[in-house]
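This report refers to the structure that appears directly beneath it.
The values are calculated or read from the model by the stated rules, or taken from the named source; none is laboratory data. A quick note: this is a predicted structure, and the numbers were derived from the prediction, not measured. Cβ atoms come from the backbone with ideal geometry, glycine included; neighbour counts cover every protein chain shown.
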Amino acid sequence: MKALSRMLVGSLLFLLCSCADTITPTTVKIVALNDFHGNFRSPGKLAEVVGQPVEIVGGVDYLAAYVAERISQNANHVVVGAGDLVGASPLISSAYHDEGTIEAMNLLGLDFSSVGNHEFDAGSAELRRKQHGGCFVPPTRTCLEQGKFSGAKFQYLAANVIDDKTGRSLFPSYEIRAFGNLRVAFVGLVLAGTPSIVLPSGVAGLTFRDEAQTVSQLIPELREKHVNSVVVLVHQGASIDSAPGTGINDCKGVVDSPGAVAIQKIVAGLPDEVDLVISAHSHVAYNCQMKNSVGRLLPVTQASAFGRALTDVDLSFNPTTGRAEKVVAKNILVSQPAADAATSAVHPFLSSPSVVAIRALIADYEKAVAPVANQVVGSIARALPSNPDPSGEELAGDLVADSQLSATSAEGAVMSFINGSGVRNPGFNTPNATYPHDVTYQEAFTARPFGNSLVAMTLTAQQIKDALEQQFTGCSGQTSDNILQVSKGLHVEWSASAAPCHKIANVTLTTDGAVSPEKIVSNYVVDQPQKTYRISMDNYLAAGKSNFTVFLQGTNQTGGPLDIDAVVSYLSSTTLAPKPPFDPADPALGIPRIKKLE
């Protein structure tokens, strides 16, 4: 019956071309990227398989070379994105409102992309400017030096984002690309929950509709346009932690992960006309099969993030019926060593015009950003490394947690958390610096470069304890100890010898102006399990990453600023002269905040 259903879809729904005996071409290549986030330079290293040697990956010039190499294999191709091309970007891009990233994507040859949640960081008007061009107010260097910013040559897609004033989608819902007499529709979606992870100003005047329902409602319109296949570009994905042996083309742990529920729910609601889902948002590389609304398995892919990988898809059609009958997808590591090797098939493309132009663009922006990078934003009394002490506390983590609390206090947050690896080495510990030390914007950005947005949510006291228990190996899927850094006023004591899920001995909270600390956990027991607290973290933790799945239970979520903006604002407002530098010895900071009992 399923085979018959698909035949009916091919013959009745899409009214395939009766004007030709055969459909040519029969294979279309789709090259996909996601969550680029303005990473002009390599974001670091990645292994194709967890546990194998890592390689230097990414860099938009290398990404362009790999794209050029893939599309050279088939004249019938399209290059697509699944959102978050901009926003939460490194300094070289964010300092100029990501105009450089738009220019780089133009040079790379991107055809269209769904919007992502970070596309809304600066609001819909700014997103329209990125699409259509125009000068930022006040003008950035692009307009000051060149007279204009031309905007994106690629098309943003936003099927489920409705402009409340017009009642229409903010950008086109889909684009149809014709390959000979084949017609493939690309539908662009962003997660319906975008308002919960973006500042209210970013989504003002917009309504975000259900993802799968939106696609279903478009099918009659696509039927009238004789589309042969539908590809969904959706900015939503699975949040998992890859176990040793997991490769970028695996699906290990995805279907069973609590963090995969959102994308699975979307796929499960998709009509049977959809043949491929290119996902995003969770910054994970996977190559999966998930059931659609009639139980048919759909390929669902994601290519990590930051240009570290891309997805190469061959979508094949029956030459007689024109129905899509085979999808072969593969994630490819954007390896710099492989591209630089003389024997590499990619090597010739590093001298292609697009790569040469992109490298000139990078050099231009690096020169321009130098004054911003060197700007002093605060002061510290001593080095604040990101390596943990025996209890798991990091001095750099204390500062970042305090910055998050300060940035979300208006949302009611009374405590804030950051995962143990959430501050990059060397933290606020510049080599050969003298102290007190003036912290530059670049140093702050190096310590906190992820570009994550902050999220405030409500948890019960019991859920807070449960989340803290997930710091330790063996509790609720945690595979290694990962001590959360906590904000001032919060003190946590844990037992190394206690059994998994029973290690949190005492937790107290002292809020500003309080006479004495409030007991949340006493002698391993939660005092008032149902009492609620507003807490904050970045959207990485809020998505249940690093196996902190309890945070997925948070309610009444509201978005906050970017992590780096919170750090800079906190340092600038509290540590610039004549105010004293951040000093871990200051009793008001309550450091140490974490205590290991044995």
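If you go through the range 422-472 and pick out every residue that is under 23 Å from D84 (Cβ atoms), of a type in the set (A, V, I, L, M, F, W, C) and not in a loop (DSSP other than H, G, I, E, B), you end up with 7.
Listed by first and then second residue, the pairs linking a residue in the range 381-407 that is surrounded by fewer than 24 Cβ atoms within 10 Å (Cβ to Cβ) to a residue that is acidic (D, E), with Cβ atoms under 6 Å apart and 6 or more places separating them unless they lie on different chains, are A381/D583; S386/E394; P388/E394. Out of the residues in the range 240-281 that are charged (D, E, K, R) and buried (at least 18 other Cβ atoms within 10 Å of the Cβ), which is nearest to R223 (Cα to Cα)? Per the criteria, the residue is E273. Looking only at strands (runs of 3 or more DSSP E) that lie completely in the range 33-121, which have at least 1 residues being assigned by TED's automatic domain parsing to the domain that holds T140, within 21 Å of the chain's Cα centre (by Cα) and aliphatic (A, V, I, L, M)? Here the list reads 44-46, 55-57, 77-81. Residues that are hydroxyl-bearing (S, T, Y) and under 23 Å from L182 (Cβ atoms) were ranked within the range 18-67; the one that is modelled with the lowest pLDDT is S18. Can you spot a residue in the range 454-465 that is of a type in the set (S, T, Y), under 24 Å from the mean Cα position of the chain (by Cα) and modelled with pLDDT under 85? Looking through the range 454-465, none of the residues is of a type in the set (S, T, Y), under 24 Å from the mean Cα position of the chain (by Cα) and modelled with pLDDT under 85. In this entry, S335 is excluded by the filter for residues that are of a type in the set (S, T, Y), surrounded by fewer than 19 Cβ atoms within 10 Å (Cβ to Cβ) and farther than 30 Å from N181 by Cα.
Filtering the range 165-180 for residues that are modelled with pLDDT under 95, in the same structural domain as G116 (by TED's automatic domain parsing) and closer than 22 Å to L562 by Cα leaves an empty set.
Results for (1) in a loop (DSSP other than H, G, I, E, B); (2) of a type in the set (A, V, I, L, M, F, W, C); (3) modelled with pLDDT of 90 or more, shown as yes or no for each residue.
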| position | (1), (2), (3) |
| --- | --- |
| V187 | no, yes, yes |
| L233 | no, yes, yes |
| C251 | yes, yes, yes |
| P271 | yes, no, yes |
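When residues in the range 222-246 are screened for being more than 19 Å from the chain's Cα centre (by Cα) and either in contact (Cβ under 8 Å) with a residue 40 or more places away in the chain or closer than 15 Å to G188 by Cα (or both), 13 of them pass.
Residues in the range 148-166 that are assigned to a loop (DSSP other than H, G, I, E, B) and among the aliphatic types (A, V, I, L, M): A152, A158, A159.
Tell me which strands (runs of 3 or more DSSP E) are completely within the range 517-598 and hold 1 or more residues being within 20 Å of the chain's Cα centre (by Cα), or say none if there are none. Write out each step before concluding.
Details: elements: 518-522, 532-538, 555-562, 594-596.
By residue number, 532-538, 555-562.
Within the range 132-147, the residues that satisfy the criterion of being surrounded by 12 or more Cβ atoms within 10 Å (Cβ to Cβ) and in a loop (DSSP other than H, G, I, E, B) are G133, G134, C135, F136, P139, T140.
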